[in-house]
1. Is it fair to say residue 69 is buried (at least 24 other Cβ atoms within 10 Å of the Cβ) and closer than 20 Å to residue 150 by Cβ?
2. In region 68-135, which helices (runs of 4 or more DSSP H) lie fully inside it and hold 1 or more residues that are under 17 Å from residue 164 (Cα atoms) and modelled with pLDDT of 95 or more?
3. Within region 147-160, take every residue that is touching a residue at least 24 places away in the same chain (Cβ under 8 Å), over 14 Å from residue 247 (Cβ atoms) and not β-branched (Val, Ile, Thr) and give me the one that is surrounded by the most Cβ atoms within 10 Å (Cβ to Cβ).
4. Conditions: (1) within 21 Å of the chain's Cα centre (by Cα); (2) free of Cβ contacts under 8 Å to residues at least 60 places away in the same chain; (3) closer than 18 Å to residue 124 by Cβ. Residue 208 meets all but one. Number of the miss?
5. Consider residue 246 against the criteria (1) out of contact with any Lys or Arg (no Cβ under 7 Å at 6 or more places or on another chain); (2) buried (at least 18 other Cβ atoms within 10 Å of the Cβ); (3) modelled with pLDDT of 90 or more: it satisfies all of them except one. Which criterion is unmet?
6. For region 161-189, what are the residues that are within 14 Å of residue 54 (Cα to Cα) and surrounded by fewer than 22 Cβ atoms within 10 Å (Cβ to Cβ)?
7. Taking into account only those residues within region 19-44 that are within 18 Å of residue 275 (Cβ to Cβ) and either without any contact (Cβ under 8 Å) to a residue 60 or more places away in the chain or hydrophobic (A, V, I, L, M, F, W, C) (or both), which is surrounded by the fewest Cβ atoms within 10 Å (Cβ to Cβ)?
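The values are calculated or read from the model by the stated rules, or taken from the named source; none is laboratory data. Note that this is a predicted model, so its numbers are computed, not measured. As a convention, Cβ positions derive from the backbone with ideal geometry for all residues, glycine included, and neighbour counts pool all protein chains shown.
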Amino acid sequence: MVFSQRKMAHLFFYALAIWFIWFAQTTLDEYSVHILNNIAIFMILAVSYNLINGVTGQLSLEPNGFVAVGAYVTAIILLDADTMLYQYYIEDPSPFVLAIYSQSFILALLAGGAVASCVALLLSFPVFRVRGDYLAIVTLGFGFIIRILTINNPHITNGSLGLNDIPQYSNLYWTGGIALVAVTVILNTIYSKYGRAMKAVRDDEDTAIAMGVNTFKIKTLAFCTSAFMEGVGGGLLACLLTSISPDLFTFFLTFQLLIIIVLGGLGSTTGAIIGSVLVIGGAEWMRFLDEPMELFGFATPAMPGMRMVVFSVILILVMLFAREGIMGKKELFDHFGKKKKEES
């Protein structure tokens, strides 16, 4: 009976999400839809980043690198030869870059995710030789390396000029639909035997090793899964903005994702979703604070940046009164599982 209630609750929320995606795409204005697309993309990035950082407990600072890989791979595949030859000013594009053109959006996204995942697999061998702060420094360096490579290989990425005229395939059906798939995959991973092993690594890696857990395999699985989702998210971002450059993939992108998962609760996929809505949606909603206002009969001049000051104060207050974030390590439907255990 409890399992049935939990299943029905899941189906209800999925149906509600699908209805909202359709309603927003067909009813809301262009600006609102653009913001919702941004929120959906950051949901994909946040839940995947939370898998390695929150669930597995590995302090990794690499998302901007994998997002850049996915964005560039997707964009290069979707740009035809004529468009590339028109905008590659520094050097002519590589023959290989010209040869991999495809009009298939889903193929380009999968390729972006696959390349990011392969890079993560190669990176996992040196990266997981260290732990803690050392791991953070190594992965932070990876993000800088990817950015430098995009600038210094103009025959592939068009250098610092970036890529323009990328087909705008991303809409709420794509971003929202893939966000639902990403959340489903991440939650199923967390509740599987691999997810339990990831939590064991997070709680005490040495004890997990003593219990027979292959920690390198588990961390690599989480790392590659996270990288694949981040690569797909990067492809969606490229096809939403229609223009990308190395400056788009700085450490600030990783910092935003870190704020989202810490605010929502490290280890909670539900928290990552809530954090994405609050951080990305809230920052846009508070734009009125930058403009001239009238408060209690007094007119105030425009104060650019005031919304970020207020937003920072709200973040500080939340972290003071909710030390583990909004959701902690809990998920939305956890209480159903507890009831089921109690009855059995």
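1. Values: buried (at least 24 other Cβ atoms within 10 Å of the Cβ): yes; closer than 20 Å to residue 150 by Cβ: yes.
For residue 69, the condition - buried (at least 24 other Cβ atoms within 10 Å of the Cβ) and closer than 20 Å to residue 150 by Cβ - is met.
2. Values: elements: 81-87, 95-99, 105-127.
Where helices (runs of 4 or more DSSP H) fall fully within region 68-135 and carry at least 1 residues being under 17 Å from residue 164 (Cα atoms) and modelled with pLDDT of 95 or more, they are 105-127.
3. 154
4. Result: residue 208 passes all but (1).
5. Result: residue 246 fails condition (1) only.
6. First, pick out the residues of region 161-189 that are within 14 Å of residue 54 (Cα to Cα): 186-187, 189.
187, 189, listed by residue number.
7. Restricting to residues being within 18 Å of residue 275 (Cβ to Cβ) and either without any contact (Cβ under 8 Å) to a residue 60 or more places away in the chain or hydrophobic (A, V, I, L, M, F, W, C) (or both), the top hit is 35.
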